[in-house]
Amino acid sequence: MKVEQYIDERLRTENLDKEGMSKRYERLWRVDHMVKGLVTEAGELQDLVKKELNYGSTVDLGRYLDELGDLEYYRVGLLDA
């Protein structure tokens, strides 16, 4: 199968009608968005720790607090999804 054929077949099964999505899929989209945000922010927080532990960098407490605030944003968003 050629790539173009594969793309056409894949698009045939993908729901591109975002306006017509059911409430269930809208909710799942929000859950997905919040979970991805949590994972991303957790990774950024871990990166700050890594910089201090592995490279001896000094990271300002405010940067930690910013990442924790971002995590809280997505955590609360997930509770509301």
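The values are calculated or read from the model by the stated rules, or taken from the named source; none is laboratory data. Computed from a predicted structure; not experimentally measured. Side chains are part of the model used for accessible areas, which takes the heavy atoms of the whole protein and leaves out ligands, DNA and RNA. Shrake-Rupley method; radii C 1.70, N 1.55, O 1.52, S 1.80 Å.
Annotations
- Subset of the range 41-77 that is of a type in the set (Phe, Trp, Tyr) and open to solvent by 60 Å² or more (accessible area, probe 1.4 Å) - its residue that is farthest from Leu28 (Cα to Cα): Tyr55
- Listed by position, the helices (runs of 4 or more DSSP H) inside the chain whose residues that are among the aromatic types (Phe, Trp, Tyr) and at pLDDT 95 or above number at least 1 are 23-55, 61-80.
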